[in-house]
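Chemist: Following this message is one structure expressed as structure tokens.
The values are calculated or read from the model by the stated rules, or taken from the named source; none is laboratory data. Since we're looking at a predicted model, the values are computed, not measured. Cβ atoms come from the backbone with ideal geometry, glycine included; neighbour counts cover every protein chain shown.
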Amino acid sequence: MVMVQAFDRIVAGVVDLPSAAQQYAQLLGVPPYQPPELEGVKEQVWFGLGNTVMQLERSALGENRIQGLVLATPDAGAVAERYTNPLGLELALCDGSATAQFREAQPQAADLRVDHLVLRTADAPACIALFSENLGIRLALDKTAPQWGGRMLFFRAGKLTLEVIESRKEATASNTFWGIAYQCQDVDQSTQRLSQAGVLLSGIRDGRKPGTRVATLKSHDLGIPSLLLEPAT
């Protein structure tokens, strides 16, 4: 069994890489970075957050979407290698050294980190088998919440959560990374900074979890459902 220690990178495929990089630079408040060791391999840029790295790469699929995950494990090498899995998800494994070097040299987003990433599925047991039993990621919670879509699984590693939502209404749907929530310590301050940077947001409202407050991104999200979340105190 692989023992994953962290979600090293969240990979988003984008149609227009320069435009997407500019939008994320405004959103995260840091410039895009192209890893020198990856030049000539694939067009991509990185953005550092407190607990992971957002990797934007050019995609020929005709739409912007969360494409996959790079997972860190000490048993892998420095270069991410594809991890074949029965769910058909785009997963790769690396040892985390490339992003560690990146963090030492490049600025990170000051007020945002990834709280959780959402994966939609029609097969929760298969997700448990993949992420918990095969990849060694801790299953922190397994609950049924019909009001939120169905069965919900929460896999936790490196201060980031993969939230899996199983809905029987989508029994024929494929497994798809869907949305992302960015955690901020003060949603009032973060929305003020983002508004000054030209980012459009919804009004601030109470979140589903008691004590949390949230705001939805209305621009600079690349069309990926994105949320700002202030945790409960």
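Chemist: Go through (1) surrounded by 15 or more Cβ atoms within 10 Å (Cβ to Cβ); (2) at pLDDT 95 or above and name the single condition Ser195 misses.
Modeler: (1)
Chemist: Here is a follow-up. So Thr84 passes all but one of these: (1) farther than 16 Å from Phe7 by Cβ; (2) touching a residue at least 12 places away in the same chain (Cβ under 8 Å). Which condition number does it fail?
Modeler: Condition not satisfied by Thr84: (2).
Chemist: May I pose another question? Return a yes/no flag: does the stretch 80-90 have any residue that is surrounded by fewer than 20 Cβ atoms within 10 Å (Cβ to Cβ) and farther than 28 Å from Ser167 by Cα.
Modeler: yes
Chemist: For the stretch 106-131, which positions are among the small types (Gly, Ala, Ser), more than 16 Å from the chain's Cα centre (by Cα) and closer than 27 Å to Leu228 by Cα?
Modeler: Ala110, Ala122, Ala124, listed by residue number.
This table checks each residue for (1) over 18 Å from His116 (Cβ atoms); (2) not in a strand (DSSP E or B).
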| residue | (1), (2) |
| --- | --- |
| Val2 | yes, yes |
| Asp8 | no, no |
| Leu27 | no, yes |
| Pro31 | yes, yes |
| Trp46 | yes, no |
| Met54 | no, no |
| Leu69 | no, no |
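Chemist: Which residue, of Leu119, Leu93, is in the same structural domain as Thr161 (by TED's automatic domain parsing), closer than 20 Å to Glu57 by Cβ and crowded, with 17+ Cβ neighbours inside 10 Å?
Modeler: After applying the criteria, what remains is Leu119.
Chemist: Here are the criteria: (1) in contact (Cβ under 8 Å) with a residue 60 or more places away in the chain; (2) β-branched (Val, Ile, Thr); (3) touching a Phe, Trp or Tyr at 6+ places or on another chain (Cβ under 9 Å). Tell me which single one Val164 does not satisfy.
Modeler: Here Val164 meets the rest and fails (1).
Chemist: So which residues in the stretch 87-100 are under 16 Å from Gln5 (Cα atoms) and part of a strand (DSSP E or B), if there are any at all?
Modeler: Leu91, Ala92, Leu93, Cys94
Chemist: Still on this model: For the list (1) under 27 Å from Glu230 (Cα atoms); (2) surrounded by 15 or more Cβ atoms within 10 Å (Cβ to Cβ); (3) of a type in the set (S, T, N, Q), I need the number of the one condition that Gln22 fails.
Modeler: (2)
Chemist: I've got another one for you. If you go through the stretch 83-93 one residue at a time, do you hit one that is within 28 Å of Cys184 (Cα to Cα) and among the polar types (S, T, N, Q)?
Modeler: Within the stretch 83-93, none of the residues are within 28 Å of Cys184 (Cα to Cα) and among the polar types (S, T, N, Q).
Chemist: Within the stretch 122-148, track down each residue that is in contact (Cβ under 8 Å) with a residue 24 or more places away in the chain and within 30 Å of Ser190 (Cβ to Cβ).
Modeler: Result: Phe131, Ile137, Trp148.
Chemist: Considering the stretch 69-79 alone, what residues qualify as being β-branched (Val, Ile, Thr) and either surrounded by fewer than 17 Cβ atoms within 10 Å (Cβ to Cβ) or modelled with pLDDT under 95 (or both)?
Modeler: Residue satisfying the conditions is Val79 alone.
Chemist: Before we move on, is Arg103 of a type in the set (Lys, Arg) and surrounded by fewer than 17 Cβ atoms within 10 Å (Cβ to Cβ)?
Modeler: For Arg103, the condition - of a type in the set (Lys, Arg) and surrounded by fewer than 17 Cβ atoms within 10 Å (Cβ to Cβ) - is met.
Chemist: Same structure, new question: Enumerate the strands (runs of 3 or more DSSP E) found wholly within the stretch 101-180, keeping only those where 2 or more residues are of a type in the set (Val, Ile, Thr) and either modelled with pLDDT of 95 or more or over 30 Å from Gln26 (Cβ atoms) (or both).
Modeler: Filter on the stretch 101-180 gives 113-121, 160-166.
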